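Below is one structure; the comments refer to it alone.
Just so you know, all these numbers are worked out from the coordinates, no wet-lab data involved. Just so you know, these numbers come straight off a predicted model, no measurement behind them. Counting neighbours? That spans all protein chains shown, and the Cβs are built from the backbone with ideal geometry, glycine included.
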Amino acid sequence: MKIIEKFKEIFKYRHMLTTLVKQDINGRYKGSIFGFLWTLLNPLFMLVIYSVVFKFVFKNNIEHYPIYLFIMLMPWNAFNSMLMVGTTCVSNNASIIKKVYFPREVLPLSVIISYTIQYCFSLIVTIVAILVSGVGLSWFALMLPLVMLVQVAFAFALILVLSAINVYVRDVQYMMTPILMIWMYASPILYDISMVPEKWQSLYKMNPMVTILTGYKDLLYNKQLPDFHSLGIVFGISLVLCVIGWLIFNKLQRRFAEEV
Amino acid sequence: MAKKSNDIAISVKNVTKEFTVYEDKSYFLKEKIGHLGRNKKRKHVVLRDINLDIKRGQSVALIGVNGCGKSTLLKLLNQIIYPEKGKIEINGKVSSMIELGAGFNTDFTGRENIYFNASMYGLGKKDVDPIIDQIIEFSELGDFIETPVRTYSSGMYMRLAFSIAVNVQADILLIDEILAVGDAHFQQKCLEKMKELKAQGKTMVFVSHNISQVKSFCDRAVWIKEGNMVMDGTVDDVTDKYLKEQGVI
Ligand SMILES: Nc1ncnc2c1ncn2[C@@H]1O[C@H](COP(=O)(O)OP(=O)(O)OP(=O)(O)O)[C@@H](O)[C@H]1O
Ligand SMILES: [Mg+2]
């Protein structure tokens, strides 16, 4: 019941949400010459470096490696930014939290929406790259929104908890960089999942990002149906985590204005 | 019962608010762990067992010396902070001016901030477009409306915040002494506007150290002393007692 009330209230504050998202997207590169282009150039730059290093220095035999990287790195980058920015979204908005009332959930929601929009742009770039490289696209790409939904739900659950705890213990925001770095290497981004030794596979697959990234790989790289069973489990877990995360957030938000 | 609660705009029941005061506030685990055991925090009761019912259309002043808990009470009414004990019920849409520059994004222009601020009151672009000229005109900010608000003076901040707060069609207005930074002309204008809103039946809670302003505008005054409500009555009675105790008259 409380959750329904909350949804109603957030709906009332939808204009604040859209304003925050617009401010974020317009403001992110305000004053930089290339503006929005940077959001695309940065991952491209990263991509070039990784493809050179991992193709030629640490030789691997993944076919169309740069495209493989493209497909896996873009969703990871989106996830990475969502978590990094999401963690500080409450503590960095002390000025409005102390002075005005609004449902605090608007802040993590705005991060999710804003970075999902940006992610859609990078997906367009990915698809263009896939087409240009000759790897080719299949109709399975139309299922991308499903995998994105799973990813966004998972990220939102984490952000709710992280952003709320970070208000009280600022260590969280500094711990995110190393954690995400380890997490990235524990996910099939630079290498293929088949390179993980057999005996570690079941443990390895406990990482929800493995399922999500494999979903992208199935749709765009292998051009086949994704593993709906695993994706469904991760989605279910994410939804449960969203509810738990919201309960934690809701409990901790009572003292936000005093603590930030 | 339902009918009775309907003409109550604000109901405060047995509200107690305490702040935890840390001798040195730490945000980091290392310090938090270091402080464990050593009793470095204490509870500071800022408001004690407050009971207050405000009827729709009433204008109530909160008076008391610096640090007695007036702003804390306003923040509680605005749900920016929550009480440790007791219950607060608000019937109606609230607009507030609790601190200067309420939720402005200082890198954005005055005009952009009007949209942002109004969005926090639930107004979208479509709702703001018809009233934006009215807001800008009221603020008398002229061309400054197109410059980032970080370049504003305190008075200009207040002008913008006030102009927005009184134009968003709220039922309840919470105003915390910020009028004090306005010049004589604008303070007068604000007071006129508040009287106009009062005539329209809006409920107002007003914190001010300017007793003549309070007298000219409020029907009722509540005196808070060290977190206790010591007197609640007509504005003349309460302000007289208060000023006498202060040794001003
Ligand atoms: N975040 C906080 N943490 C700890 N103590 C606080 C906090 N905010 C306020 N206080 C304390 O609460 C008390 C009441 O503060 P409040 O701001 O409500 O006073 P006030 O009546 O508005 O005073 P003034 O007339 O100066 O505006 C003060 O003693 C203050 O030190
Ligand atoms: Mg005050």
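Between the stretch B:172-213 and the stretch B:55-77, how far is it from one alpha carbon centroid to the other, in angstrom? Rounded to whole Å, the Cα centres lie 13 Å apart.
Counting only residues at least eight positions apart within a chain, or on another chain, the aspartates and glutamates with an alpha carbon under 15 Å from that of residue B:85 are B:18, B:49.
Step by step: find N for the stretch A:2-259, compute 2.2 N^0.38 Å, then divide the Cα radius of gyration by it. What's the final number?
Taking N as the residue count of the stretch A:2-259, the ratio is 1.05.
Placing +1 on the Cβ of every Lys and Arg and -1 on the Cβ of every Asp and Glu, with no other charges, gives the protein assembly as shown a dipole of roughly 1060 debye about its Cα centre. For the protein assembly as shown, the equivalent ellipsoid derived from the Cα gyration tensor has semi-axes of 52, 25, 20 Å, listed largest first. Please enumerate, by chain and number, the lysines with C-alpha under 18 Å from the C-alpha of residue A:205, excluding those fewer than 8 residues away in the same chain. In chain and number order, the partners are A:217.
Quick one: check the C-alpha center-to-center distance for the stretch A:241-255 versus the stretch A:111-153, whole angstrom. Their Cα centres are 30 Å away from one another. Which of these, A:77, A:207, A:61, has the largest mean-square fluctuation under a Gaussian network model of chain A (Cα springs below 10 Å)? Between A:77, A:207, A:61, it is A:61 that shows the largest mean-square fluctuation.
Only alpha carbons enter this Debye calculation for the stretch A:180-260, each as an equal point scatterer, and the log10 of I(q)/I(0) it gives at q = 0.11 Å⁻¹ is -0.44.
Across all directions, the shadow cast by the convex hull of the stretch B:116-249 built on its C-alpha atoms averages 9.7 square nanometres. Remark on the stretch B:104-143: ratio of C-alpha radius of gyration to 2.2 N^0.38 Å is 1.10. Projected over every direction and averaged, the convex hull enclosing the alpha-carbon atoms of the stretch B:40-140 yields 9.8 nm². Size check on the stretch B:8-246: the Cα extents along the three principal axes, sorted descending, read 56, 50, 32 Å.
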